[in-house]
Amino acid sequence: LPPAQVPIYTLAAAVATAEALRGVGVDAGIKWPNDVLVEGSEAKIVGILTEMEGEADRVSWVVVGIGINANIDGDAVPQEATTIREQVGDVDRAELTRHLLERFDELRNDPESVLPAWRELSLTLGKRVRVETPAGEVVGEAVDVEFPGTLVVETEDGEKRVSAGDCEHLRPV
């Protein structure tokens, strides 16, 4: 796997997780690139981190960590977060994990299917965003996501492509 393609695994994990949560009744969506939120409240219910090691031309390994706020009380998580228990009650964690891993494996083996699925679950596309990047701030409307996970933002100065950064959804003026 070329290092430039690793971000697709993070998006695949977000898709698999959001779909698994929807399967148990949580109205989950994705904030670019990999936060899983509850639609409407935008309370965070899942965090995803991807680590890798490799060389310039190949990746030795990729580890995707997925933290789901499952069968715990809402007061055990930060105020801007939520839990499955708060949303729909307790779930069978083994069954949820099985669905998540099966879907992640499907997406991992079919990278072309990741972006269309991610777009369907996106809470970011069509929203005004501010993305903090190492090169500065990008503000505008999120209009698309491109392989391997680049966010396309329509700014006053034209389209900007962001491959990494902290994305904030802005409220309409």
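The values are calculated or read from the model by the stated rules, or taken from the named source; none is laboratory data. What you are looking at is a predicted structure, and each value in this text was computed from that prediction instead of being measured. Ideal geometry is used to build each Cβ from the backbone, glycine not excepted, and the neighbour counts take in all protein chains shown.
Residues checked against (1) assigned by TED's automatic domain parsing to the domain that holds I48; (2) surrounded by fewer than 15 Cβ atoms within 10 Å (Cβ to Cβ):
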position: R98; (1), (2): yes, yes
position: N109; (1), (2): yes, yes
position: L115; (1), (2): yes, no
position: T150; (1), (2): no, no
position: V153; (1), (2): no, no
position: E156; (1), (2): no, yes
position: K160; (1), (2): no, no
position: G165; (1), (2): no, no
## Note on the structure
Those residues of the range 122-141 which are modelled with pLDDT of 95 or more, surrounded by fewer than 20 Cβ atoms within 10 Å (Cβ to Cβ) and not in a strand (DSSP E or B) amount to L125, G126, K127
### Task
Collect the residues in the range 1-35 that are small (G, A, S) and surrounded by 20 or more Cβ atoms within 10 Å (Cβ to Cβ), keeping them in residue-number order.
A12, A13, A14, A16, A18, A20, A28, G29
### Sole residue being crowded, with 16+ Cβ neighbours inside 10 Å, of a type in the set (G, A, S), without any contact (Cβ under 8 Å) to a residue 40 or more places away in the chain and more than 16 Å from R22 (Cα to Cα), chosen from A81, A43
A81
### Query
Is there a residue being closer than 18 Å to G47 by Cα, part of a strand (DSSP E or B) and not hydroxyl-bearing (S, T, Y) anywhere in the range 76-92?
yes
### Query
Do the conditions hold for G65, that is, is it exposed (fewer than 12 other Cβ atoms within 10 Å of the Cβ), out of contact with any Cys (no Cβ under 8 Å at 6 or more places or on another chain) and on the phi > 0 side of the Ramachandran plot?
no
### Search result, residues across the range 6-57 that are at pLDDT below 95, out of contact with any strand residue (DSSP E or B) (no Cβ under 8 Å at 6 or more places or on another chain) and of a type outside the set (A, V, I, L, M, F, W, C)
G40, S41, E55, D57
